[in-house]
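Before any comments, here is the structure.
What follows draws every value from the coordinates through simple rules; no lab data is involved. These figures come from a predicted structure and were not determined experimentally. Note that each Cβ is placed from the backbone with ideal geometry, even for glycine, and that neighbours are counted across all protein chains shown.
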Amino acid sequence: MAGVDAEDFRQIRDAVRQLVREVAVPLEERIDDEDRIPDELRARIAEMGLFGYALPEEHGGLGVSMAEDVELAFEFGYTTPAFRSLFGTNNGIAGQVIAKFGSEEQKKVYLPRLAEGSLIGSFALTEAEAGSDPAGLRTTARRDGDSWVLNGSKRYITNAPLADLFVVFARSDPEQAGGRGISSFVVEAGTPGLTVGPKDRKMGQSGAWTAEVFLDDVRVPADALVGEEGRGYSSALTVLSRGRLHIAALCVGMAQRVLDESVSYAATAKQGGAPIGRFQLVQAQLADMHAELLAGRAMVREVAARYDSGEDTSIGPSSAKLFCTEMVGRAVDRAVQVHGGLGYLRTTPVERFYRDARLYRLYEGTSEVQRVIIGGGLLRAAGMPRG
Ligand SMILES: Cc1cc2nc3c(=O)[nH]c(=O)nc-3n(C[C@H](O)[C@H](O)[C@H](O)COP(=O)(O)OP(=O)(O)OC[C@H]3O[C@@H](n4cnc5c(N)ncnc54)[C@H](O)[C@@H]3O)c2cc1C
């Protein structure tokens with residue numbers, strides 16, 4: 001279970017809440033304008049141990065459980081997503097591959113530095129024709145004596161322009177189609193043949209960077225293989241499932257933020273001499289946001305408890321991601337509506353969150369993909385043979 005006791009965890013959660021609300025929130029506009037996390041905020045994040053809160057304690061992390069992870073994510077979600085994105089790949093998709101499947105040597109070499117934030121990790125799975133269906137990836141890994149040689153390209157890779165370390169998924173057995181035959185490798189930035197493209201220009205989530213990653217005869221030693229050869233796809237699915245529950249919790253945090261912004265705006269902004277909150281149709285928008293937010297939060301907590309007990313590590317996280325990402329989409333839309341014309345203007349927080357929220361329904365599996373996982377999982381559990 002958890003690496004910290006309940007009282008220590010409460011203190012960590014409170015300190016995170018304070019950092020988010022007192023330091024990150026006032027910097028949001030600057031982060032949006034400059035498209036970067038200020039160095040002083042990065043330093044505070046590192047100081048608090050947030051680069052490694054979900055990594056194992058014995059390697060410098062805090063080793064939180066999933067139930068604790070989502071409580072922290074409720075807090076992270078309250079501010080610009082760029083805040084969490086900076087340390088998200090270290091704790092999540094990239095760091096977890098090493099923590100769960102890496103050799104003792106890989107854990108010793110990389111995890112402490114990921115946990116302290118001196119190393120940024122990126123998770124490089126998606127390719128041009130392998131997004132929703134990553135089993136179709138075309139990047140190759142060819143064994144050559146004591147090395148592996150990687151060739152291919154990846155796109156939309158979070159933190160790639162900052163990354164010191166890439167967890168790269170590549171087909172190591174060309175005879176095997178689909179997920180079998182895919183392996184994962186740790187590739188350090190600066191390895192000859194690895195290049196990162198320019199930062200992508202995105203709809204929202206300014207300050208969080210993505211880019212293409214090119215692998216051109218990248219030679220890595222045999223011990224860069226993470227886990228067993230041919231098991232990379234299965235490890236990707238394991239960490240993505242955990243990531244989906246984390247994203248669901250971030251969406252709950254964002255929904256709380258835009259509700260708070262909307263309540264305070266409705267209580268003070270006036271039409272005809274009275275606050276717009278006096279209109280019951282405005283109250284209805286707030287009521288729907290609140291009811292759905294409570295549903296999302298309760299769902300995430302229940303799914304996290306079942307994840308920790310091992311009862312459900314797939315259908316539950318996908319269901320939570322599906323519901324909460326769609327829920328926050330409705331919340332940001334209502335928040336803009338409550339703000340009227342002001343909600344359409346840059347510098348109004350809800351305008352920014354409206355753009356930021358859109359990503360959640362796309363990455364780490366689109367809403368359609370979550371539905372396929374949930375529906376397929378339910379039917380398989382009922383004994384329906386795979387088609
Ligand atoms: C900002 C950002 C950050 C990202 N970060 C990372 C990262 O760090 N690492 C990484 O590896 N990837 C990352 N991704 C990639 C992301 O996970 C993919 O974009 C996502 O999984 C969708 O894949 P795609 O873009 O290829 O879209 P497609 O798979 O081409 O989807 C297009 C449409 O087809 C639908 N569709 C596809 N297959 C099916 C199906 N079987 N059934 C029904 N509908 C289907 C989709 O739902 C969607 O509506 C990131 C993406 C973005 C935009």
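Tabulated results
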item	result
Total formal charge among the other residues, if their Cβ is under 13 angstrom from that of SER319, Lys/Arg +1 and Asp/Glu -1	+1
Rounded, prolate or oblate (a/c below 1.5 giving rounded, otherwise prolate when a/b exceeds b/c) for segment 234-381 by Cα gyration tensor	prolate
Local net charge near PRO161, Cβ-Cβ under 15 Å (Lys/Arg +1, Asp/Glu -1)	+2
Note, ³J(HN,Hα) from phi for segment 174-188, Karplus 6.51, -1.76, 1.60, rounded to Hz, x at Gly and Pro	x, 6, 9, 7, x, x, 5, x, 9, 10, 10, 9, 9, 10, 7
Residue order, fewest to most surrounding Cβ atoms within 10 angstrom, among PHE169, PHE74	PHE74, PHE169
Helical contribution to [θ] at 222 nm, DSSP H n ≥ 4, -39,500 (n - 2.57), averaged over the chain, rounded to 500	-16500 deg cm²/dmol
Charge sum, other residues only, whose C-beta stays under 12 Å from ALA170's C-beta, Lys/Arg counted +1 and Asp/Glu -1	+2
Cut-off under 5 Å, modelled amide H: who pairs with LEU165 long-range	ILE120, SER122, ALA189
Cα centroid separation - segment 4-72 against segment 193-254, whole Å	20 Å
Exposure proxy ranking, count of Cβ atoms within 10 Å, fewest first, for HIS246, HIS339, HIS290	HIS290, HIS339, HIS246
Prolate/oblate/rounded call for segment 81-127, Cα gyration tensor, a/c under 1.5 rounded	oblate
Peptides 132-144, 272-284 ordered by average Cβ neighbours within 10 Å, highest first	132-144, 272-284
Proximal lysine pairs, the chain, alpha carbons under 28 Å, eight or more residues apart or interchain	10
With Cα atoms, 0 to 90° folded angle of helix 280-309 axis to the chain main axis	30 degrees
For SER262, SER319, SER103, order by how many other beta-carbon atoms lie within 10 Å, fewest first	SER103, SER319, SER262
Angle between the chain longest axis and helix 25-34 axis [Cα atoms, degrees, rounded to 10]	60 degrees
Loop-resident sites, segment 315-387, for trypsin sites (Lys or Arg not before Pro), counting at most 10 other Cβ within 10 Å (DSSP)	ARG346, ARG386
Largest-first principal axis extents of the Cα set of the chain (Å)	79, 52, 42
Karplus-derived 3J(HN,Hα), 6.51/-1.76/1.60, for each residue of segment 125-139, Hz, glycine and proline x	10, 5, 10, 3, 10, 9, x, 5, 10, x, 5, x, 5, 10, 4
Segment 93-198 shape via C-alpha gyration tensor axes, a/c threshold 1.5	prolate
Mean Cβ neighbour count within 10 Å, used as a protection proxy, ranking 175-184, 251-260 highest first	251-260, 175-184
